[in-house]
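Read-outs throughout are calculated quantities, based only on the coordinates presented, and are distinct from any laboratory measurement. Treat the numbers as computed from the prediction; the structure is a model and nothing was measured. Note: ideal-geometry Cβ built from the backbone for every residue, glycine included; neighbour counts use all protein chains shown.
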Amino acid sequence: MGELYGMIFNIQKFSINDGPGIRTVVFFKGCPLSCGWCANPESQDTRFQVMWDDKKCRQCQTCVKSCPTMAIKNVDGSIVIDHRRCSGSGICSARGICVEKCPAHALKTEGKRRTVDEIMRVVMQDEPFYLESGGGVTLSGGEATMQPEFAIALLKALKAKGIHTAIETTGFASPAVFDRIVEHIDLLLFDIKHWDEAKHKEATRVSNVPILRNMRHAIEIGKEVLPRLPVIPNYNDSLDDARGFVRRLREVCSDRVQLLPFHQFGQNKYHMLGRAYDYTDVKSLHPEDLIEFQRVFVDNGINAFF
């Protein structure tokens, strides 16, 4: 058996919003959901990708000329990258020939194959901060359960060092895969996108049934689970939606939920990937916009907080 690799697109140190204490967040590439509001669209595809920043580009065509797979074209002054052809053949270097040759640094890569040992060397640099703050390491993405063998190997290595583990998850995984991974997790930050299955499929392309099953199971076996609700304008932000979420939370035996108001932080990434962004003209939400929405939860015995 060869060495195990995971496709990772970022390792973020000193995070304080992804679990208790000071944490390092390991971002896995690939997600089974296709949420149009996703703040990390580069996380959705499992493949290595190149992103183009038009603000830096000098239109020198170096990237077009240097691409060995002819995946890059200039179309009416815009660099267009065919991600299906880009780098998949293994002809390019790990960083990407186009990225290395770009004189304006207008291109950057997303996604790198890493070993468990490579990641452990990075995350263990901050072990004193974990111990001092009660922090640890959080697996995020994308969706770590899409790379189950690698995720489990990394989690085992972390637990062997006594490091607190958390996962930010969509919960969309088979029971067999989910149960194997959750065994090594201390805290699950568990997204719930919509209470209604049809509406969930409409926006994410997958059912919420396995998600709710996995959430309930994790709670039943005694894992610490924090349901988190991204509140999206004109999708799941009505008072009727709040009541629907209350019903689902009761069904999975949870009495709390973190509300995550919609924001525009990821908008530019869509442009850099050559993708349309469905929420360009949608205003960000703030806690003060969701007071009535929050009150529905509180009035029904659910601790809803931001």
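Things to note:
- Residues 137, 296, sorted so that the one with the fewest Cβ neighbours within 10 Å comes first: 296, 137
- Whole-Hz Karplus values for segment 162-168 come out as x, 8, 5, 10, 9, 9, 9 Hz, taken residue by residue from phi with 6.51 cos²θ - 1.76 cosθ + 1.60 and θ = phi - 60°; glycine and proline positions read x.
- DSSP-defined beta bridges in the chain - what % are antiparallel, rounded to 5: 40 percent
- From least to most packed, judged by other beta carbons within 10 angstrom and beginning with the fewest, 180, 23, 248, 213 follow the order 213, 180, 248, 23.
- Close lysine pairs were tallied over segment 7-152: pairs 8 or more places apart or on different chains with Cα atoms under 27 Å apart number 28.
- Residue-span extension gain [residue 34 to residue 60] - 0.36 nm each, minus C-alpha spacing: 6.0 nm
- Extending 7 Å from the Cα toward the beta-carbon at both residue 298 and residue 260 defines two label points whose distance is 2.3 nm.
- Rel. contact order, % - alpha carbon contacts under 8 angstrom, at least six apart, segment 49-110: 48 percent
- Per-residue [θ]222 nm for the chain (sum of -39500 (n - 2.57) over DSSP H runs n ≥ 4, rounded to 500): -8500 deg cm²/dmol
- Span from the segment 5-42 Cα centroid across to the segment 111-155 one, whole angstrom: 10 Å
- Normalised by the number of residues in segment 163-306, the mean separation of alpha-carbon contacts (under 8 Å, six or more apart) gives a relative contact order of 21 percent.
- Cα shape, the chain, gyration tensor, a/c 1.5 rule: oblate
- When only Cα pairs below 8 angstrom with a gap of at least 6 residues are kept, the chain shows a relative contact order of 19 percent.
- Each peptide among 63-69, 281-287, 46-52, 138-144 gets the average number of other Cβ atoms lying within 10 Å of its residues, and from highest to lowest they stand as 138-144, 46-52, 63-69, 281-287.
- Among 269, 193, the order by Cβ neighbours within 10 angstrom, fewest to most, reads 269, 193.
- Spatially proximal aspartates and glutamates relative to residue 156 (Cα-Cα < 19 Å; intrachain offsets below 8 disregarded): 3, 117, 118, 126, 127, 143, 168, 179, 183, 186, 224
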